[in-house]
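In what follows, a structure is listed as structure tokens, so that the remarks can point back to it.
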Amino acid sequence: SAGKNRMRSFTPGLQDVVQLRHHVQSKLRRAMADGEIQLNYQPKVDSITRLPVGSEALVRWQTSTGEFIPPCNFIPVAEQTGLILPLGEIVFEQAVLQACQWNGQGNSPLIAINISAHQLRHPRFVEQVLATLERTNSQADWFELEITEYAVMEDVSYAVSVINQLKQLGFRVAIDDFGTGYSSLSYLKSFPIDTLKIDLSFVRDVIWDSQSRAIVRSIAALGKGLGLNVVAEGVECEEQADILTEAGCDQLQGYYFGKPMNAAAYEQWLGTYRP
Ligand code: C2E
Ligand code: CA
Ligand code: CA
Ligand code: CA
């Protein structure tokens, strides 16, 4: 109420936001305990040969009624409430177990795992991932860790030291959503990273928007010049794939090649996919 007989409504009001966050938080906590969190895998292909080179693990929350809640509806809340730490552990553990299974079957697929800013700054993060590798008898070089540009820019010197430790363990490291953060390009010099991942917002418009095309070409050239692997995500059609390949991207990922799928569907995709 704005006093007297006037009313103002806010949609959504601050209180609604707080309540919603609270609601999602308790639901998510229960979902983690009840095993409602799973991973999907989305293929990445070599831009030239179009052969599969690995996948990205993407978290999925399937409620007991079968409904899927998309990550954009719970990852931000998990970030704000700290639940991203236990959630990140579940994700990491599941990806590692899946990699063990696939390696046991003779595939040696590189799996990319998303790591949030919160996880990266957690003082025991490196220790925890090392413990998981040792417990499961798995190898760091089966994985690429995708860290957003935003997470890295928060505290560059701390990020450099964590990334150095992860690299020493044998992980590959990618900068995700490249081009969307407040980047100072100079940080690229000090980061021992392997991969730049071009954000899908640039890829989406690449066919008809010459500015997006210029940005994509520049990022690809920058990555090349620094000796990095360049990946474009969000590729939805042949024309985009061709423009990105021509721009110098090494790998492509997107619905055009394969959507995120559960492990069984991903295996089936691998068995039937023809470039
Ligand atoms: P991201 O890491 O940038 O992942 C790419 C997103 O683009 C994924 O959305 C993927 O499903 C979607 N995508 C892939 N190909 C296409 C395409 O051709 N067209 C379009 N329009 N979209 C495509 P998703 O799975 O909904 O995940 C959204 C975001 O949630 C991710 O963005 C990432 O930031 C976060 N996320 C997902 N899984 C995890 C996780 O395990 N841990 C953390 N910390 N964050 C995660
Ligand atoms: Ca990612
Ligand atoms: Ca991304
Ligand atoms: Ca993104």
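Note down the net charge around PRO192, summing +1 for each Lys or Arg and -1 for each Asp or Glu among other residues with Cβ under 13 Å from its Cβ. Intermediate values should be presented prior to the final figure.
On the way: positive: LYS167, ARG172, LYS189; negative: ASP194.
Combined, the nearby Lys, Arg, Asp and Glu give +2.
For the pair segment 54-101 and segment 200-275, the centres of their Cα atoms are 23 angstrom apart. The solvent-accessible area of HIS118, taken with every protein chain present and a 1.4 Å probe, is close to 50 Å².
Rank VAL53, VAL216, VAL77 by accessible area, highest first, at a 1.4 Å probe radius? Could you put the intermediate results ahead of the total?
Values: VAL53 60, VAL216 0, VAL77 20 Å².
Order by accessible area, largest first: VAL53, VAL77, VAL216.
Does the chain classify as rounded, prolate or oblate by the C-alpha gyration tensor (a ≥ b ≥ c root eigenvalues; a/c under 1.5 gives rounded; else a/b over b/c gives prolate, otherwise oblate)? Because its axes are fairly even, with a/c under 1.5, the chain counts as rounded.
Expressed as a whole percentage, what fraction of the accessible surface of segment 161-275 belongs to carbon and sulfur atoms when a 1.4 Å probe is rolled over the protein heavy atoms? Working shown, then result.
Numbers: 2730 of 5410 Å².
The computed percentage sits at 51.
The stretch between GLU93 and TYR150 holds 18.1 nm of extra length on full extension. This uses 0.36 nm per residue minus the Cα-Cα distance.
Label segment 81-229 by shape, choosing from rounded, prolate and oblate, from the square roots a ≥ b ≥ c of the eigenvalues of the Cα gyration tensor; if a/c is under 1.5 it is rounded, and otherwise prolate applies when a/b is larger than b/c, oblate when it is not. Note, shape of segment 81-229 comes out prolate. Taking a span of 27 Å or more along the helix axis (Cα atoms) and a mean Kyte-Doolittle hydropathy of at least 0.5 as the rule, the DSSP H helices of the chain that qualify are 84-104. Figure note: VAL17, VAL160 ranked by solvent-accessible area, largest first, 1.4 Å probe, ligands and nucleic acids not counted: VAL17, VAL160. Comparing PRO71, CYS100, VAL230 along the charge dipole axis of the chain, the residue lying farthest to the positive side is PRO71, per the Cβ-charge model. The sum of -39500 (n - 2.57) across all DSSP H runs of n ≥ 4, divided by the residue count of the chain, sets its helix-only mean residue ellipticity at 222 nm to -14000 deg cm²/dmol. Between ASN262 and THR180, residue separation times 0.36 nm minus the direct Cα-Cα distance comes to 26.7 nm.
Spin-label pair GLN19-GLU134: with each label point 7 Å from Cα along the Cα-Cβ axis, the two points sit 4.8 nm from one another. Modelled this way, with points 7 Å down the Cα-to-C-beta line, the labels at ASN73 and ASP242 are 3.8 nm from one another. Using Cα positions and a limit of under 21 Å, work out the lysines in reach of LYS44, with same-chain residues fewer than 8 apart set aside. Excluding near neighbours in sequence, the set is LYS197, LYS224, LYS259.
For the chain, a simple Cβ point-charge model (Lys and Arg +1, Asp and Glu -1, everything else neutral) yields a dipole of about 760 debye relative to the Cα centre. Towards the positive end of the charge dipole of segment 1-157, with charges on Cβ (+1 Lys, Arg; -1 Asp, Glu), say which of PRO109, THR136, GLY13 has the farthest Cα. Looking along the dipole axis, the top candidate is GLY13. Highest mobility in the GNM of the chain, judged by mean-square fluctuation with C-alpha springs under 10 Å and restricted to PRO86, PRO52, PRO123, is found for PRO123. Only Cα pairs under 8 Å and 6+ residues apart enter the sum, and on that basis the relative contact order of segment 206-264 stands at 34 percent.
With the dipole of segment 144-205 worked out from charges on the C-beta (+1 for Lys and Arg, -1 for Asp and Glu) around the Cα centre, which of LEU145, GLY179, ILE193 lies farthest toward the positive end? Working it through, the farthest residue towards the positive pole turns out to be ILE193.
The values are calculated or read from the model by the stated rules, or taken from the named source; none is laboratory data. As the structure is a prediction and not an experimental result, all values here were calculated from the model. Ideal geometry is used to build each Cβ from the backbone, glycine not excepted, and the neighbour counts take in all protein chains shown. Remember, those area values only see protein heavy atoms, side chains included, never the ligands or the DNA or RNA. Shrake-Rupley method; radii C 1.70, N 1.55, O 1.52, S 1.80 Å.
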